[in-house]
Ligand code: HEM
């Protein structure tokens, strides 16, 4: 199926994908003729509660589909994420010694809360007692105060080079605001919401993907050894592995893909909705029906993947399956117009971090824990976390 299918009519084929062995007989899907779905479009804004956490949906991920979303997404893609100089979000370590980190954690918790009143209107009276509104107001106020300080500091400071030696996200967005002030003014709240996106959508996901990959490698010593051999051969005695070295490390790329497949960091993609009435496999689907794609389940579907529960990076060496939204059986970064704009950035960060870790270090589990005992359970939430915190020891080779 072509990626543009998310925008136009999508045709699903029941044929097994070309790159996988046919499934065993008992798993053969029923013979259903190909179905034509109506065009899907990205859905409306996030529920009220999440919208309020992000400056009333002014961020990219929750902005309703339309002109505003198109503009701020292109600001992110063109000015923030394609800019090789951008290494840091805010230029220096803000929030050290303050409770900013705790407020961010509280925000993540509130994003995962599902108050009954949001879905069952007649229970709206419970809203007065569950305390969620108060917690939202408190966290929004604290985070806003923090951003006000950061914006003011960036505005007054004369030197435009950040501590890390380049422009940071805030510098770039403030420049953009100044340049556009006369014809299409950009509010400070929009800037704050975009920076929130970079934290919210960018950091946790990238970190968790790395954590899952390391956990799988420690549980699979043969895979770890193959990866270390590759990285050590390419990087040799170099002190620093560079992005150009990564292109010579196909196994490293396969390891990260396989980890993203098995532990899809964002299990449910952003909601879409159907644009016209239709009938799918005998079910009537009304126009405006919200469609939530479970990328996690698709990545583990035994009809699509051979031994899906096994961590086997080699499967990606044998195929050209990629995560950029072309192969719909593997969409850890989503697909279509609303697909993740940070994919290149995130993959580069994770590949580089993984390569650096296995280049100079060997790893083991503490306190005599066996590999089989390593807890791989996932916690619930918008991103898949390890239920038990991951701990390992490392020693330099
Ligand atoms: C391993 C890391 C990451 C994963 C697995 C990931 C995954 C995703 C997924 C699944 C979506 C929804 C796509 C859809 O529904 O089709 C998304 C959207 C988004 N991601 Fe990422 N992401 C990652 C890293 C990043 C980074 C580093 C940034 C930016 C610094 C970022 C920014 C965004 C934004 C702004 C959106 C919303 C796009 C829109 O609504 O137009 N992500 N991401």
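Tabulated values for the structure
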item	result
Matching helices (runs of 4 or more DSSP H) fully within segment 161-260 where at least 1 residues are within 16 Å of the ligand (Cβ to nearest atom), within 30 Å of residue 308 (Cβ to Cβ) and at pLDDT 95 or above	204-219, 243-246
From 356, 360, 386, residue being touching a helix residue (DSSP H, G or I) at 6+ places or on another chain (Cβ under 8 Å), farther than 30 Å from residue 273 by Cα and surrounded by fewer than 20 Cβ atoms within 10 Å (Cβ to Cβ)	386
Residue match in segment 278-300 (condition: touching a helix residue (DSSP H, G or I) at 6+ places or on another chain (Cβ under 8 Å) and within 18 Å of residue 385 (Cα to Cα))	yes
Residue within segment 316-337 that is buried (at least 20 other Cβ atoms within 10 Å of the Cβ) and away from the ligand (no atom under 12 Å from the Cβ) present	yes
Test: residue in segment 354-366 that is within 16 Å of the ligand (Cβ to nearest atom), out of contact with any strand residue (DSSP E or B) (no Cβ under 8 Å at 6 or more places or on another chain) and under 26 Å from residue 202 (Cβ atoms)	yes
Failed item, numbered, when residue 272 is tested on (1) away from the ligand (no atom under 16 Å from the Cβ); (2) surrounded by 15 or more Cβ atoms within 10 Å (Cβ to Cβ); (3) more than 30 Å from residue 396 (Cα to Cα)	(1)
Which numbered condition residue 342 fails, given (1) within 11 Å of the ligand (Cβ to nearest atom); (2) at pLDDT below 90	(2)
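Rundown of residues vs (1) within 30 Å of residue 50 (Cα to Cα); (2) modelled with pLDDT under 90, yes/no style:
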site	(1), (2)
275	yes, yes
279	no, no
286	yes, no
290	yes, yes
293	yes, no
299	yes, no
302	no, no
305	no, no
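Residue by residue, here is whether (1) in contact (Cβ under 8 Å) with a residue 12 or more places away in the chain; (2) farther than 30 Å from residue 358 by Cβ; (3) over 15 Å from the mean Cα position of the chain (by Cα) holds:
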{"residue": "244", "(1), (2), (3)": "no, no, yes"}
{"residue": "249", "(1), (2), (3)": "yes, no, yes"}
{"residue": "252", "(1), (2), (3)": "yes, no, yes"}
{"residue": "278", "(1), (2), (3)": "yes, yes, yes"}
{"residue": "282", "(1), (2), (3)": "no, yes, yes"}
{"residue": "293", "(1), (2), (3)": "yes, yes, no"}
{"residue": "303", "(1), (2), (3)": "yes, yes, yes"}
{"residue": "307", "(1), (2), (3)": "no, no, yes"}
{"residue": "310", "(1), (2), (3)": "no, no, yes"}
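The values are calculated or read from the model by the stated rules, or taken from the named source; none is laboratory data. Given the structure is predicted, the values throughout are model-derived calculations rather than measurements. A quick note on method: Cβ atoms are made from the backbone with ideal geometry, for glycine too, and the neighbour counts reach across all protein chains shown.
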